[in-house]
Amino acid sequence: MIRPILALSALSILAACSSGGTSPVVSVIKGVILPGKTAEPPVRNAGAKLTREKIDAFGLALIRGGIEGEDVSNLLTGTAVNGQYVTYVSSFRQNITMFGGLVTGTRGMGGDLLAVRAAANDPVAHTTPTANWPTTLTRDYRFPGVGPAGNTVSVTCNLTPAQDTTVTIVEVTYEVTPFTEVCTGDGAAFTNTYLAQPDTGQIWQSQQWIGDKVGYVNIDILEPYTIE
């Protein structure tokens, strides 16, 4: 089954949602230690409340994304596929490109991430059951800079799992393994977080660094792009 891509106009069917200013995935990871945290952000626009029925009826590859610390997150629909890269676009023409569960590019968010090079053992880019996730990996993040090559930040990342838990995303509950990923190199230091389904490695929720200018983007996978 192919979860299709669609023109930008279709996004008007669904409204923007609030992230509450706190990353849902961080809330879940904290909840492993401090029970009582919630992972599901409220919908701000009650007139167009997002429901699973609407997502299913929409029938498209769909994510919810927002900048960490901002009150509003937006729905983005898959609009282009280039090999294994899928680009999602919001009604505000913000772009997020993903390779598997890894954010590899952004546009219109105040500071572009041009590209990310992931290693062959990177389970965020290459879907991998969580039992087989490595403890260490490397990535290259490329940003605008002087010259056509821009500025590349190379980091080494250490992955640490937490106890399995559950997360609910718009009325669907998933069994997940929370991972914390601490990355350093070339003057950068940041921490990504992922909630991955143990048997498949599908990442349903994440907080990912997209550069010093913007910080982090929160991603909910509402309907993954798949070909079956």
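Net charge of the neighbourhood of VAL217, taken over other residues with C-beta under 14 Å away and scored Lys/Arg +1, Asp/Glu -1, is -2. Assign one of three labels to the range 178-228, namely rounded, prolate or oblate, based on the Cα gyration tensor with a ≥ b ≥ c the square roots of its eigenvalues; rounded applies when a/c is under 1.5, prolate when it is not and a/b is larger than b/c, and oblate otherwise. Prolate shape, in that a/c is at least 1.5 and a/b is the bigger ratio. Across the range 194-201, rounded Karplus estimates of 3J(HN,Hα) from the backbone phi angles (6.51 cos²θ - 1.76 cosθ + 1.60, θ = phi - 60°) give 9, 10, 10, 5, x, 6, 10, x Hz, Gly and Pro being marked x. Electrostatic tally near GLN207: other residues with Cβ closer than 11 Å to its Cβ, Lys and Arg +1, Asp and Glu -1, net -3. Near GLN197: Cβ cut-off under 11 Å, other residues only, Lys/Arg at +1 and Asp/Glu at -1. The net charge is -3.
Values in this text are rule-based calculations from the coordinates and carry no lab data. Since the model is a prediction, treat every value here as computed from it, not as a measurement. We place every Cβ from the backbone using ideal geometry, glycine too, and count neighbours over all the protein chains shown.
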